[in-house]
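J.: Can you read through this structure? Questions will come right after.
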Amino acid sequence: MPANRSGVERDTKAAEIIDAADKLFLSDGFDATTIAAVSRLAGVAGNTVFWYFQSKDGLLGAVLSRRLAAFRDRMPTEGSLADRVIAALALLDEVAP
């Protein structure tokens, strides 16, 4: 895959696109979010998203993968099962509409 033309690191630009998609998926929902809207919010040309992600579904996968990794990093590994479930529910409440 070629480097992007803006001089921004590929991982940085991909993260910016994921940030935009994450925000829009949460606020507007997956079906209502368009790649054009993600592009605008990320500050890139419309077709640029497809240089980083094969499809809108692929972009959703990247958003969910990042969220899952963050969720795992914040989950307590000690304590009772009840305490860990309550902690998981609190983390989920952070993204609940």
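The values are calculated or read from the model by the stated rules, or taken from the named source; none is laboratory data. From a predicted model like this one, the values you see are computed outputs, not experimental measurements. For neighbour counting, all protein chains shown are included, and Cβ atoms are generated from backbone atoms with ideal geometry for every residue, glycine included. With ligands, DNA and RNA removed, areas are computed over all heavy atoms of the protein, side chains included. Shrake-Rupley method; radii C 1.70, N 1.55, O 1.52, S 1.80 Å.
J.: For the pair ASP93/GLN54, report the inter-label distance in nm, with labels modelled 7 Å from Cα in the Cβ direction.
T.: 3.9
J.: Using only DSSP helix segments of four residues or longer, with each worth -39500 (n - 2.57), what per-residue ellipticity at 222 nm results for the chain after dividing by its residue count and rounding to 500?
T.: That comes out to -20500 deg cm²/dmol.
J.: Now a separate question. Sort 24-33, 85-94 by packing, meaning the average of other beta carbons within 10 Å per residue, with the highest value first.
T.: Those peptides, ordered most packed to least, come out 24-33, 85-94.
J.: Could you order the peptides 65-71, 78-84 from most to least packed, using the average number of other C-beta atoms within 10 Å per residue?
T.: Values: 65-71: 12.6, 78-84: 9.4.
Listed from highest to lowest mean packing, they are 65-71, 78-84.
J.: Further question on the same structure: If each of ARG74 and ILE86 carries a label point 7 Å out from its Cα toward its Cβ, how far apart are those two points in nm?
T.: It works out to 1.8 nm between the two label points.
J.: Mind putting a number on the dipole of the chain about its Cα centre? Charges go on the C-beta only, +1 for Lys and Arg and -1 for Asp and Glu, and I need it in Debye to the nearest 20.
T.: The dipole magnitude comes to about 320 debye.
J.: Now for a different question. Using only Cα atoms, figure out Rg for the chain and give it as a multiple of 2.2 N^0.38 Å.
T.: Cα-based Rg divided by the globular estimate yields 1.27.
J.: Separate question: What is the chain's relative contact order, in percent, from Cα pairs under 8 angstrom and six or more apart in sequence?
T.: Rounded, it is 23 percent for the chain.
J.: If you roll a 1.4 Å probe over the stretch 22-80 with all protein chains in place, what percent of the accessible area is carbon or sulfur?
T.: Working: 2130 of 3760 Å².
The nonpolar share, carbon plus sulfur, comes to 57 percent.
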